[in-house]
Amino acid sequence: ACQSSSDKQRRFPDDFLFGAATAAYQIEGGWNEDGKGESIWDYVVHNNPAYIKDLSNGDIAADSYHNYKRDVEIMRELNLNAYRFSIAWSRVLPTGMINNVNQAGIDFYNNYIDEMLKYNITPLITLYHWDLPQKLHELGGFTNPLFADWFSDYARLVFQSFGDRVKHFITFNEPREICYEGYGTDTKPPIVNNTAIGTYLCAKHLVIAHAKAYHMYDKEFRPTQGGQCGITISVNWFGPDTDSDDDKLAAEITRQGEWGIYAHPIFSAEGGFPKELSERVAKKSAEQGYSKSRMPEFTEEEKALVRGASDFFGVNHYSASLTSATEHKVPHPVPSLMDDIDSGTYTPDEWPKSSSSWLTFAPNSLYNALTHLNTRYNKPVFYITENGWSTSNDRGLIDDDRIAYYRAALENVLDLLDDGVNLKGYMAWSLFDNFEWNAGYTERLGLYNVDFEDPARTRTAKKSAFVYKHIVTHRYIDHDYEPEAMIMTID
Ligand code: NOJ
């Protein structure tokens, strides 16, 4: 009644999963409590504190290990019907290996899940959100071909422990950030920085580990549990700077290097690494004196194992850049993924900036990315497993730029639904402010503010929380909606 055109409003389906996402290391704290083992993040923040911008760490973070009931209360305040969180591998398996299960860790996640289920909130579990057990890193982590076996053992424990109640599993969060940032550069733990082959070697072992866990779920658990298992890939949009063929090819090769090397083996009809980039790496490797390509091959058997091994395509999407074959190039180590891609990218000045250097408000980037994936990979089921906007830590509770970003992104979601894209859910990043990795607590992405000075880690709704709640509750976007008073309640 108060919305005269409400019957003309485009609506989100009632069964659409509308939620928010977090990750273990960013929210839990309790880094060594009740038997939890050390992860590569624990190791780096304790041994090299200057690696984090504000010298902070996730030892306590938002203290969700002790505040999980308040977390679920926030989900209820927002009327969410879904919540995506991750399991800390070293909380349930302190050394990473299956011989030593930490029951206290299993109990913590059981309590978290059961609290959600009490209120009909659908849990989505990410098995790996960057916190590799340090002991496994000491054996080479993702570069060790046995990685897939270690991951399978862990995955089986997760499916066995939680799969009676949890029906959505995501094996890996953001292979690009795991492999390129963690192994191909020094920008994320474990800081391997092997620019020549780190990214490619990790990529191959990661998709094989994903596929083995997927097939295990399919055979051993799906018949009784009836859930789904997929993967989440970070897909930012890279369009050509001009209409020239060279820029179009530069954009394609950039997409292949940024996310095609993870998506193609799983979601393309032909499998394996993407063609144009593989050919380029093979050629450069020969020129550089290698005896074979720095990009490993998949055997036919491996290709078949990985191809089609996912029930859905989870997309984390934030931003976009324009790609040029000749302009905006910056120096890169030789050899490296970026040198192999050999393009320049930039964001136009008129695109609004967030507090994170990598995140600008690019027009229709979510629509462009998903439309491309939908065509390229033959219409998979999609979930947006993350999307959001960062502000600085002195910005308080009025976050109109975040509101504008979410409204635009959600209009794109409606456009995609209109087009018939099989998009089944959307998770905002993030439920509340948390440890933003290398940026520590200087960049905030939460719908709720967290007071990190306060031992209780009090959570307070930002203006964007009220707007998101309105959209989730009414299933349409009212661009004129303004919260009357910033007092959050459970309806
Ligand atoms: C993606 C990552 O999965 C998440 O951990 C991170 O906080 C957000 N992007 C924002 O940077």
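A few notes on this one:
- Directionally averaged projected area (the range 1-153, Cα convex hull): 12.5 nm².
- Rolling a 1.4 angstrom probe over the protein heavy atoms with all chains in place gives the range 419-472 an accessible area of 25 Å² per residue.
- For the range 402-479, the pair-distance distribution built from all alpha carbon pairs, in bins 5 Å wide starting at 0, is 3, 14, 21, 21, 16, 12, 9, 4, 1, 0 percent.
- Heavy-atom accessible area ranking, 1.4 Å probe, most first, across 197, 178: 197, 178
- Amide H within-cut-off set for residue 231, under 5 Å, with H built and near neighbours excluded: 171, 312, 314
- Between the range 383-415 and the range 157-199, the Cα center-to-center distance that results, in Å: 25
- Residues of the range 340-410: accessible area per residue with a 1.4 Å probe, Å²: 41
- Cross-link partners of residue 248 among lysines (Cα-Cα below 18 Å; sequence separation of 8 or more within a chain): 275, 329
- Kirkwood-based shape ratio for the range 69-158, expressed as Rg/Rh from alpha carbons: 1.05
- Cα centroid separation - the range 424-473 against the range 230-276, whole Å: 31
- Size-normalised alpha-carbon gyration radius of the chain, reference 2.2 N^0.38 Å: 0.93
- Spherically averaged projected area of the convex hull of Cα atoms, the range 435-491: 5.3 nm².
- Its residue count N fixes a reference of 2.2 N^0.38 Å for the range 327-472, and the Cα radius of gyration divided by that reference is 1.21.
- Estimated at 0.36 nm per residue, the fully extended path between residue 191 and residue 332 surpasses their Cα-Cα distance by 49.1 nm.
- When 334, 315 are compared by accessible area at a 1.4 angstrom probe, the order from most to least is 334, 315.
- 3J(HN,Hα) along the range 268-285, derived from phi through the Karplus expression 6.51 cos²θ - 1.76 cosθ + 1.60 where θ = phi - 60°, amounts to 7, 5, 8, x, x, 6, x, 4, 4, 5, 4, 5, 5, 5, 4, 5, 4, 4 Hz, with x in place of Gly and Pro.
- Summed over the residues of the range 153-271 and divided among them, the accessible surface reaches 30 Å² per residue at a probe radius of 1.4 Å.
- Surface calculation, 1.4 Å probe, protein heavy atoms: residue 328 sits at approximately 90 Å² accessible.
- Per residue, the convex hull around the alpha carbon atoms of the range 127-182 comes to 80 Å³.
- Convex hull volume per residue, computed on the Cα atoms of the range 97-201, equals 106 Å³.
- Percent accessible area from carbon and sulfur atoms, the chain, protein chains only, probe 1.4 Å: 49
- Distribution of pairwise C-alpha distances over the range 204-302, 5 Å bins, in %: 2, 12, 17, 18, 18, 13, 9, 6, 3, 2, 0
- For the chain, the longest piece that avoids every one of the GluC sites (Glu not before Pro) found in DSSP loops with at most 11 other C-beta atoms within 10 Å covers 1-269.
- Ratio of Rg to Rh over the range 40-84 (Cα coordinates, Kirkwood Rh, two decimals): 1.17
The values are calculated or read from the model by the stated rules, or taken from the named source; none is laboratory data. All values reported here derive from a predicted model rather than from experimental measurement. With ideal geometry, Cβ positions are generated from the backbone for all residues, glycine too; neighbour counts draw on all protein chains shown. The area values use the complete protein model at the heavy-atom level, side chains included, leaving out ligands, DNA and RNA. Shrake-Rupley method; radii C 1.70, N 1.55, O 1.52, S 1.80 Å.
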